[in-house]
Each structure stands twice: as C-alpha cells, then as structure tokens.
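These notes concern the structure reproduced below.
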Protein chains: 2
Amino acid sequence: MSGLREYEFRVESRDVDFRRQATIMALGDYILHTAGTDADRNGVGVRDLNAGHGSSWVLTRMAMEVRRMPAEHELLRIRTWVSEVTRIMTTRNFHVYDSIGEPLASAVTNWAMINISSRRPMDLSLLDDYQKITQDIPCPIEKPSKLESPGGKHSYGHTVLYSDIDFNCHANSMKYLQWVVDTLPMEMLRKKIFRRVDINFIRESLHGQRLSIITDFPDGNLYEIRDEESRPVCRISFEME
Amino acid sequence: MSGLREYEFRVESRDVDFRRQATIMALGDYILHTAGTDADRNGVGVRDLNAGHGSSWVLTRMAMEVRRMPAEHELLRIRTWVSEVTRIMTTRNFHVYDSIGEPLASAVTNWAMINISSRRPMDLSLLDDYQKITQDIPCPIEKPSKLESPGGKHSYGHTVLYSDIDFNCHANSMKYLQWVVDTLPMEMLRKKIFRRVDINFIRESLHGQRLSIITDFPDGNLYEIRDEESRPVCRISFEME
C-alpha cells in the first residue's frame, strides 16, 4: 500500500529532439506516467477512482528542475512518493536518476480529485487510508509557484486538435507545455536547456477550442494560454540556461 | 544476426485518444520503434550506419492494416522480419498481436539508405551480409501503394514546429499522419477506425517550413502535403470503417 518506489524508462527515439536529447515534454510524460502507475499500485489510480468514487485525478500544478537532459536510448530511474494530502490537494514528488544513480531532474506535482460528471473538486478524505501512503520526505525542489498573468505583448494562436486530446477528453497536460515551447526561437532550443519549468493548470480545454498564447517573452518568461472568452486556461513560466 | 523476433509494448496513457484506444500514430510509433530496435540487434541500426557508412535509414513507404485498435494499458507483441533487399530498397514487415495472440494489425515498410551529408541514396549492397537477415516469409498485407496527387479541393496549413522534428532534424514520419488525421471530422474519429493507411514519404521537411495539406476528402481519401514551392513532401491515403 505504501512506499517510495522506483520505475525505469528508456528514452525512445520518438521522445528526443534534434539534439538527440529528451524533450522537456517527454521528461514530463515519464514523470506523469510514473505518477499514474504508482497511484495504480496504491489502489488509487484513475481506474480505481472511476470505479469506486466516480472521480478522477486532475493535475493542478507542476514544477520540474533539470540538471541534465537525458540522451536518446538512455536508461532513467524515477523515484516517487506522496508527501502531503489535504482535503483538496495532494502532493507527489519525483527524483529522476540516470543508470549510475546521478541525479538528472526533480519534480513536484499537485493533484486534485474531481467528480467525472460535474468536474467539481471532491474531498480527498473520501479516499480511505490515503494518508497512510504519504512519506515524511521533504519536497525535492521549491514547490510549483502560483503564476501571475503576463503583461502580454506577443500572442500566438492554437486550435485544440484530435491529437491534443487524451482519455480525459481534454487537452493533455504536456500539450500546453509543447504549444509554448514550439513558440521559442530555435537558436535558444539549440543552445540552452530548461533548468526549471512551472505550470499552473487552471481550466480544461476541449477539442476545437481556439486558444491564445500570450507572453511577455523575450522581456520575461511568463506565458498564459487563454480560451475564446479570454479566461486563463494554463500559465507557464520557465528558466533556461 | 538473423531471425523473426518479437517485441513487447504496453499501450501508455499518452498514446490513447478520447476513446481510450491507441491512436493510429501511436501504433505506427510502436512499429517504427520495433524496426529501429530490431535493426540495432542485426548490427544495422541507425548508429551502426552512422558510424560505419556515414549513412542512415529513411522510411520511404509504409502501409498498416488494423483489425482492432488496442486499448489503454493493453500489452502488444510485435513480430518483425526483413523480407526483401534490392540495391535501393529493403522491406520490413510486422504482425501485431494482443496478449493472447490474436492478430491486431499488420504493416509493411520500405526503407532506403541515404548518405547523412549529401542526403543521397546509397547502395544497400554496401551492407555486408544484409541479405542474410532476410526471411522467406511473404508480406502480411498488400505492399504500400504508390499514391497519386489528389485532385485537391480543400487545403489546410501547417508550419513545421520544434516538436515535429526528430533526431534526423526533419519532421518525424508519424507527424505527417498526425497532421492529416487532425483535419478529420471528430464524428468520424469517434465512430470509425482506420482499416488501412498508405503513406509515401517523398521529401524531408524542415523546421519552419510552411506546408499545405491538399485533399479531395470527403469525395476521396487522398492527401498530399506540399512544401512552399508546391512540391509533394508526403502522400497519404486511408480507409476507415
């Protein structure tokens, strides 16, 4: 029922960019896949929540810090644990190591439980014994920041496509990050790596929605993705080096 | 050095669509990943070709036929073999099975070898003993068709993004299919599955290129992706049911 567990990944060819390193989206995918698998093993996976409570997990915030981006074919180990649970939110942490145990990255994620019909938040104390899976190990990096709206100067458009949508029928978490990264100058993606990324997931976005991506880049590093009614859907900030 | 080998995959959450079934692009990714891994084991993987011949594999044509789309979390087995080699082209085949051995899909792929600097085709007879890895087993489905240009009526645009580009520095093979599938009506993607897909890869496309997707759909099922000079980059046809 409990534990600090470790999962292995091999960086696949489809997960690397032109530098033959994992993209930041792929690293995020491995981390979220680890979260899903570990929740399954704890009996609180998406399928357990669907069946037992008519509920599902929703990722609300995420922060990743990267020391080195893993290369194509490289073996990764991701260690994960739940550190905290309140009535409305739970925190899951991650350390990513290479095959010889050198740290590559760390991440902190915040999750809420929602009713799958009403999409409203549910009380996490409904999950019996969930408290027991928490580990008294501190967060590996600073918690995900609450991001502000950028004093937006530049704007990009994106229509939510079939390939953006996941099993929850909304845009997949890592797609928001992809849309933002895809706006960055190639020169920057060639020379730098993402040292830290913060993401706030605010609203769901559905197939066919026309989103705007507003940013103060290159003066700042803050992005807001807005729906057709100019409501924030997601905010992202990053540091590159 | 030789053989008919089998590889296992688990359908990951990031690979499924809103129906919780693998997307046709994900199925293609598993198939191409199998090709890469098996070529590595035969000593003719991309890294071997880079190091030994300054060359790389290029996928020129692909056909997939699907009986059943695998579901999220499902275990797949992909059996692969090389059936043919000429001086300019080699054919690799695939059968995809579910965990109890029921056939899910089959695929045939054609590959050329190119010089990584000049991007020109190279003679496959340069690969010592390559002939020995071929198996005298027929193609599982009809070979990939040579596709014609559609009498194009409808047109969509796509600019090649950072996330479209792979380790070869050109758009990843399955991205062409994704751009086409993303233009299809959601109603069709909800009710039908792809029974057969044919793809002809004609030119590479690079970051920042503005491509046009021309199609005779819904009258026909033929797509042509063109570069800024209206040259064909890729042609795709599909049957859905």
> Residue check, B:Asp15 against (1) within 16 Å of B:Val108 (Cα to Cα); (2) under 18 Å from the mean Cα position of the chain (by Cα), all met but one. Which one?
Replying inline: (1)
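Yes or no: B:Ile133 surrounded by fewer than 16 Cβ atoms within 10 Å (Cβ to Cβ), more than 12 Å from chain A (Cβ to nearest Cβ) and of a type in the set (Val, Ile, Thr)?
Values: surrounded by fewer than 16 Cβ atoms within 10 Å (Cβ to Cβ): no; more than 12 Å from chain A (Cβ to nearest Cβ): yes; of a type in the set (Val, Ile, Thr): yes.
No; evaluated as a whole, the condition is false for this residue.
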> Somewhere in region B:138-159, is a residue surrounded by 20 or more Cβ atoms within 10 Å (Cβ to Cβ) and under 26 Å from A:Pro185 (Cβ atoms)?
Replying inline: yes
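Give the residues of region B:89-102 that are open to solvent by 30 Å² or more (accessible area, probe 1.4 Å) and in contact with a strand residue (DSSP E or B) (Cβ under 6 Å, 6 or more places away or on another chain), sorted by residue number. Can you show your working first?
Start the filter on region B:89-102 by keeping residues that are open to solvent by 30 Å² or more (accessible area, probe 1.4 Å), which leaves B:89, B:95, B:97, B:99-102.
Scanning region B:89-102 gives B:Met89, B:His95, B:Tyr97, B:Ser99.
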>> Give all pairs with beta carbons closer than 7 Å in which a residue from region A:43-61 that is touching a residue at least 40 places away in the same chain (Cβ under 8 Å) and outside any loop (DSSP other than H, G, I, E, B) meets a residue that is polar (S, T, N, Q) and open to solvent by 40 Å² or more (accessible area, probe 1.4 Å); count only pairs at least 6 apart in sequence or on separate chains.
In response: A:Ser55/A:Asn115; A:Ser56/A:Asn50
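Is it fair to say B:Asp123 is farther than 28 Å from B:Asp17 by Cβ and open to solvent by 60 Å² or more (accessible area, probe 1.4 Å)?
Details: farther than 28 Å from B:Asp17 by Cβ: yes; open to solvent by 60 Å² or more (accessible area, probe 1.4 Å): no.
Here the answer is no, as B:Asp123 does not meet what is asked.
Select from region A:103-143 the residues that are in contact with a strand residue (DSSP E or B) (Cβ under 9 Å, 6 or more places away or on another chain) and assigned to a helix (DSSP H, G or I) and list them in ascending order.
Residues of region A:103-143 in contact with a strand residue (DSSP E or B) (Cβ under 9 Å, 6 or more places away or on another chain): A:103-116, A:119-127, A:130-131, A:133-143.
Within region A:103-143, A:Leu124, A:Ser125, A:Leu126, A:Tyr130, A:Gln131, A:Ile133 qualify.
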> Are there any pairs with C-beta distances below 8 angstrom linking a residue in region A:3-31 that is within 9 Å of chain B (Cβ to nearest Cβ) to a residue that is aromatic (Phe, Trp, Tyr) and surrounded by 17 or more Cβ atoms within 10 Å (Cβ to Cβ), with the two at least 6 apart or on different chains, and if so which?
Replying inline: A:Ser13/B:Phe167; A:Val16/B:Phe167; A:Asp17/B:Tyr162; A:Asp17/B:Phe167; A:Phe18/B:Phe167; A:Arg20/B:Phe167
> Based on what the data block shows, is B:Asp98 more than 28 Å from A:Val46 (Cα to Cα) and over 18 Å from the mean Cα position of the chain (by Cα)?
Replying inline: no
> Are there any pairs, at least 6 apart or on different chains, whose C-beta atoms fall under 8 Å, with the first in region A:87-98 and without any contact (Cβ under 8 Å) to a residue 40 or more places away in the chain and the second among the aromatic types (Phe, Trp, Tyr), and if so, which?
Replying inline: A:Met89/A:Trp111
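Inside region B:1-35, can you point out the residues that are assigned to a helix (DSSP H, G or I) and under 24 Å from B:Gly101 (Cβ atoms)?
Going residue by residue through region B:1-35, those that are assigned to a helix (DSSP H, G or I) are B:13-15, B:24-35.
Across region B:1-35, the qualifying residues are B:Asp15, B:Ile24, B:Ala26, B:Leu27, B:Gly28, B:Asp29, B:Tyr30, B:Ile31, B:Leu32, B:His33, B:Thr34, B:Ala35.
Can you tell me which of A:Ser55, A:Ser106 is more than 14 Å from chain B (Cβ to nearest Cβ), more than 16 Å from the chain's Cα centre (by Cα) and not charged (D, E, K, R)?
Values: A:Ser106 fails: more than 16 Å from the chain's Cα centre (by Cα).
One residue alone meets the criteria, A:Ser55.
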> Taking region B:130-166 on its own, how many of its residues are without any contact (Cβ under 8 Å) to a residue 12 or more places away in the chain and farther than 24 Å from B:Met113 by Cβ?
Replying inline: 1
>> Looking at the structure I just gave you, is B:Asp40 within 19 Å of the chain's Cα centre (by Cα), on the phi < 0 side of the Ramachandran plot and buried (at least 16 other Cβ atoms within 10 Å of the Cβ)?
In response: no
> Do we have any residue at all in region B:67-80 that's open to solvent by 30 Å² or more (accessible area, probe 1.4 Å) and of a type in the set (S, T, N, Q)?
Replying inline: no
> (1) free of Cβ contacts under 8 Å to residues at least 40 places away in the same chain; (2) among the hydrophobic types (A, V, I, L, M, F, W, C); (3) touching a helix residue (DSSP H, G or I) at 6+ places or on another chain (Cβ under 8 Å); (4) more than 20 Å from B:Ala22 (Cβ to Cβ): which one isn't true of B:Cys169, the others all being true?
Replying inline: (3)
> Only one of (1) out of contact with any Leu (no Cβ under 9 Å at 6 or more places or on another chain); (2) over 24 Å from A:Ala22 (Cα atoms); (3) open to solvent by 70 Å² or more (accessible area, probe 1.4 Å) is not met by A:Leu211, so which one is it?
Replying inline: (3)
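The values are calculated or read from the model by the stated rules, or taken from the named source; none is laboratory data. Source: prediction; values computed, not measured. Note that each Cβ is placed from the backbone with ideal geometry, even for glycine, and that neighbours are counted across all protein chains shown. For accessibility, only protein heavy atoms count, side chains too; no ligands or nucleic acids. Shrake-Rupley method; radii C 1.70, N 1.55, O 1.52, S 1.80 Å.
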